[in-house]
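To keep things clear, I will list the structure first and then write my remarks on it.
The values are calculated or read from the model by the stated rules, or taken from the named source; none is laboratory data. Treat the numbers as computed from the prediction; the structure is a model and nothing was measured. All Cβ positions, glycine included, derive from the backbone under ideal geometry; neighbour counts span all protein chains shown. To get the accessible areas, we keep the full protein, side chains included, count just its heavy atoms, and leave off ligands, DNA and RNA. Shrake-Rupley method; radii C 1.70, N 1.55, O 1.52, S 1.80 Å.
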Amino acid sequence: MQTRTLGTTGPRTSAIGLGCMGMSALYGATDRAESIATIHAALEAGVTLLDTGDFYGMGHNELLINEALRTAPPAHREQALTSVKFGALRTVEGGFSGYDGRPEAVKNFAAYSLQRLGTGHIDIYRIARRDPAVPIEETVGAVAELVKAGHVRHIGLSEVGAHTIRRAASEAPVSDLQIEYSLISRGIEDEILPACRELGIGVTAYGVLSRGLISGNWSRERQLAPGDFRSMSPRFSGENLDRNLDLVESLRRIADGKGISVAQTAIAWVLSRGDDIVPLVGARTRRRLTESLSALDVTLDADDLDAIEQAVPAGSASGDRYPEAQMAHLDSEQRPQGEK
């Protein structure tokens, strides 16, 4: 397994991490046995980074990871790194009702995650979305206190803009920013990625296949299960979907020419963007995991990258990456004005 380091202060991890959210929530029915088998297969293949959130299935995902680690061979279990997001507030019905970044809430969330994970510590801890009512310095400062106490190893950020990144980094060392980055989600390239590189902060890139949209396996006829997040996603709707799948077909021609899958091409592209970027693949089955990890064997030369750029130019995606109400929670999409 190839490895990369998350920033100048973060841990060394596998070049690809496993995003575990879909094993518990938002993408329809799940298979617990297959999910655990997939985590085991990832660890066996040398994947060390397991990404989760305490609100994925309201704790279900952390308990799932606990079970997978407890039943894995000791050598595999010991190499695992847990990356945990916190702060999202949920309703009994499964809705979202905001984010809480108060220091006392941060420590409360951590206590519950440590209990569910059973790991003794959290390797990287980050608020899922910036709480606009709490200065980011206070939220990061609370995580820094957890680091000092030995409960957390590294501080991360998630979906914040360059201004917030600078403020957070002035409070305590930050290992990485977790943010969506893919061929059709390239907004970080203008200001956010340069800021991270200036400050020595790595990037863990989620959504590298845009929730399956650019995996090469999506079709216009696909029916989504009730509650699947993608049924509300602008990029999966109406004419947006048609235009986005046309981009996928352009990418498929390049993939076919190299004898690889569209998914492998898309993941390899993210890997090519810099050694400070670790893609997270949301594989829910061993078959998808094997396909995704094979992207590590793909080499994209200058001609390949030029062809990909022509097939899927920056800004060519149709539709926002989240529904309007959720976009409003993304500090990474906002311009700072009158913030605390």
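Below are the figures for this structure:
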| quantity | calculated |
| --- | --- |
| Residues of type aspartates and glutamates that K148 reaches as a straight line, Cα spacing below 20 Å, ignoring anything fewer than 8 places off in the same chain | E104, D123, E137, E138, E171, D176 |
| Share, in percent, of DSSP beta bridges within the chain that are antiparallel, nearest 5 | 20 |
| Accessible area expressed per residue, the chain, with surrounding protein chains retained (probe 1.4 Å, Å²) | 42 |
| Of all accessible heavy-atom area on the stretch 198-340, the percent that carbon and sulfur account for (1.4 Å) | 45 |
| Projected label distance in nm at N217 and Q2, using a 7 Å step from Cα toward the beta-carbon | 2.2 |
| Relative packing of 116-126, 319-329, which averages over residues the other C-beta atoms within 10 Å, highest first | 116-126, 319-329 |
| Accessible surface of the stretch 9-62 [probe 1.4 Å, protein heavy atoms]: carbon and sulfur percent | 56 |
| Estimated 222 nm signal from helices in the chain, with DSSP H stretches of n ≥ 4 weighted -39500 (n - 2.57), rounded to 500 | -11500 deg cm²/dmol |
| Förster radius 35 Å - calculated FRET efficiency between F96 and D306 (Cβ-Cβ, nearest 0.05) | 0.30 |
| Gaussian network model of the chain, Cα within-10 Å springs - most flexible of S292, S316, S261 | S316 |
| Sequence ranges 141-149, 94-102, ranked by mean other-Cβ count within 10 angstrom, highest first | 141-149, 94-102 |
